[in-house]
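The values are calculated or read from the model by the stated rules, or taken from the named source; none is laboratory data. Small disclaimer: the values here were computed from a predicted structure and weren't measured. Please note: Cβ atoms are built from the backbone with ideal geometry, for glycine as well, and neighbour counts cover all protein chains shown.
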């Protein structure tokens, strides 16, 4: 795989060459960690911008897919005011169709939402900023754990000797892995546990299990138990993503830990985040009522956006805990049912841009969709025939 190079600028007179030997980084989180470690920015809070070739200016970086080899990335440090409102408490932190005139307004709203995406992702209501990385990136272990692993890897390379970890070493490895996993999700799937265990023995071959077909099945099971214990710790601390599955929240007569477990779907990154620092359900409800009045004012989009951002966690708690009907939810959150806020909410939940993601996937599968449509019969075929003819002509011109 070809290496991936970036020029990183931070400060007025500091720049550095950064090389990824395995190609483009898997996620924005991975890129940020690499820059933090290589440039000595530990403990500092920042966001990234990249040089946009169309505008020849630095733009906020929201996805690594915006980068190409030998691009320039700039580090923008948060001020103390913005950084203090952009992170969660330490115990939870990882880190419609319209007419032509409406289309114009929707486009303006979409562009406004896109420009504020970086603010959404760094807001006080977003605990996570990236999807599950593929392949999984191992965390940096504590000094003593790393030292033992280095010795074990050396012995394995020299004479093929495997390392049998003592309880302290194994616990140190599992603790670090559990903390890294929780940065992405509290309820990983079986295949995701496999990803982590596989990455562990790939980087540290001395840890491979000789009696296992995969070489890591024991590590995988240990990880599952460790993360279950870690979730218990988070539940005692009040982390909403796991307290939602506490027995006291189960229906009467269904007090089984395995019944109705609520956990994120595949693309949901921020499923049930904590409230912003200093906020409670009562203060968030008060802000929701204020938002109803603000939403009726003219030329008030920025205020509405900020209030929607601040009440994101409250909204998610309502969805996850109460599963309200769409009509009821719309009456409580009318601002959410605007094009601009639908885009913004999708970004808050998944960290991905809705419109560009949808259109890119539509382009990808349009040829197959056209083939499916042409096979339709009866009344449906007659209804779509007038639409299909010009669409087919456009596709033929493109190809």
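Observations
- Listed by first and then second residue, the pairs linking a residue in region 42-64 that is under 14 Å from residue 77 (Cα atoms) and assigned by TED's automatic domain parsing to the domain that holds residue 24 to a residue that is in a helix (DSSP H, G or I) and at pLDDT below 80, with Cβ atoms under 6 Å apart and 6 or more places separating them unless they lie on different chains, are 45/83; 47/118; 60/118.
- Being in a loop (DSSP other than H, G, I, E, B) and surrounded by 18 or more Cβ atoms within 10 Å (Cβ to Cβ) is true of residue 186.
- Search result, residues across region 307-337 that are farther than 29 Å from residue 27 by Cβ and in a loop (DSSP other than H, G, I, E, B): 323, 324, 325, 333
- Only one of 198, 248, 263 that is part of a helix (DSSP H, G or I) and within 24 Å of residue 184 (Cα to Cα): 198
- Test for residue 231: is it assigned to a helix (DSSP H, G or I) and out of contact with any helix residue (DSSP H, G or I) (no Cβ under 8 Å at 6 or more places or on another chain): no
- Selection within region 266-284 - surrounded by 14 or more Cβ atoms within 10 Å (Cβ to Cβ) and touching a helix residue (DSSP H, G or I) at 6+ places or on another chain (Cβ under 7 Å): 268, 269, 270, 271, 272, 273, 274, 275, 276, 284
- Residue that is surrounded by the most Cβ atoms within 10 Å (Cβ to Cβ), among those in region 143-172 that are out of contact with any helix residue (DSSP H, G or I) (no Cβ under 6 Å at 6 or more places or on another chain) and within 30 Å of residue 32 (Cβ to Cβ): 149
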